[in-house]
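First comes the structure, then the notes that go with it.
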Amino acid sequence: MTESELFQRYRETGDRELRNQLAEKYLYIAAILAKKFVGRGVEYDDLYQVASLALLKGIDRFDERKGLKFSTYITPTITGEIKNYFRDRSRLIHLPRKISELRASVHAAAEELTRELGKKPTAKEIADRLGVSEEDVLLSAEAGGVVSLDRPAEDGDMNFYDVIPDSEDVFEKIDTHDAVSTALADLTETEKKLVACRFGEELSQAETARRMGVSQMYVSRMERKILEKLREKLKKSMA
């Protein structure tokens, strides 16, 4: 029985045995995506459970009549559930009152500037509006959140996973990991050290700056350049 036929039968009958059969067939996707988020303060088993529940919900909601492959549909669905889990978890972390107030001001200023400028404002534009330093804006943006590979870069419009091209047959392209490894290997020693601190040990920009003996602003700018460099290299290698 083909994938489409299995989903059609399940949609028509609601047979739990069919759902279990579909779940077993695609649990590998939940496992891969859960592993992708390991190392951010949450155990793999917890992430796998979140991913597995998202898989079951996805099976219930999937409509094969739309002509979409299930792997294409379920990948962003599971990823979104895992990211929501991290966001919900981060809200449980208590922030000092001063930082909480600054975060609220930064958020309000960002929304106001977005309306005025017609685009997302940079950290400098927000800092100028609030009369605070750019580093304070960056620090407040990081405070309380889970530092992870999906954390936005300097101006919030790109993250580490944004550099990896999306593809509807992402699980059929086994060489993606090799492409990422090759792109990272081409970085300078300083760039590799920054990546190791930020995305390996998952240190904050301030902690990374202290580790490297540079300013936080230097780390922020270099991080953005690295992400842009990786994105370009991966685009070429996956073309």
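Read-outs: derived from the displayed coordinates by stated rules, not from any lab. Since the model is a prediction, treat every value here as computed from it, not as a measurement. We place every Cβ from the backbone using ideal geometry, glycine too, and count neighbours over all the protein chains shown.
Using the Karplus curve 6.51 cos²θ - 1.76 cosθ + 1.60 with θ = phi - 60°, what ³J(HN,Hα) values do you get for each residue of the range 45-52, in whole Hz, with x for Gly and Pro?
Here the 3J(HN,Hα) series is 4, 5, 5, 5, 5, 4, 5, 5 Hz.
Residue by residue, what Karplus-based ³J(HN,Hα) values in Hz, rounded to whole numbers, does the range 71-76 have, using 6.51, -1.76 and 1.60 with θ = phi - 60° and x for Gly and Pro?
Listing the rounded values in order: 4, 5, 6, 7, 4, x Hz.
Kindly state, to the nearest 0.05, the FRET efficiency for residue 38 paired with residue 214, given R0 = 22 Å and r defined as their beta-carbon distance.
Values: r = 29 Å, r/R0 = 1.30.
Between residue 38 and residue 214 the formula returns 0.15.
How far apart, in nm, are the 7 Å Cα→Cβ label points at residue 53 and residue 5?
Each label point lies 7 Å from its Cα, and together they span 3.5 nm.
Please report how far the C-alpha centroid of the range 66-89 lies from that of the range 1-62, rounded to the nearest whole angstrom.
10 Å
Per-residue HN-Hα couplings for the range 211-228, Karplus 6.51 cos²θ - 1.76 cosθ + 1.60 at θ = phi - 60°, whole Hz, x for Gly and Pro?
Those phi angles translate into 4, 8, x, 10, 7, 5, 5, 4, 4, 4, 5, 5, 4, 5, 4, 5, 4, 5 Hz.
If the label point is 7 Å along Cα→Cβ of residue 84, which residues in the range 39-68 have backbone nitrogen under 19 Å from it?
Output list for this probe position: 46-63.
Suppose each label sits 7 Å from its Cα in the direction of the beta carbon; what would the residue 189-residue 31 distance come out to in nanometres?
Each label point is offset 7 Å from its Cα along the Cβ direction, giving 4.0 nm.
Of 35/124; 120/192; 36/124; 36/57; 124/225, which sit over 27 Å apart, Cα to Cα?
Values: 35/124 35 Å; 120/192 29 Å; 36/124 32 Å; 36/57 20 Å; 124/225 17 Å.
Among 35/124; 120/192; 36/124; 36/57; 124/225, the Cα-Cα distance tops 27 Å for 35/124; 120/192; 36/124.
Can you give the net charge of the other residues whose Cβ lies under 13 Å from the Cβ of residue 109, counting K and R as +1 and D and E as -1? Can you show the working numbers first?
Numbers: positive: 103, 115, 120, 124, 129; negative: 101, 111, 112, 116, 125, 128, 134, 136.
Value of the local net charge: -3.
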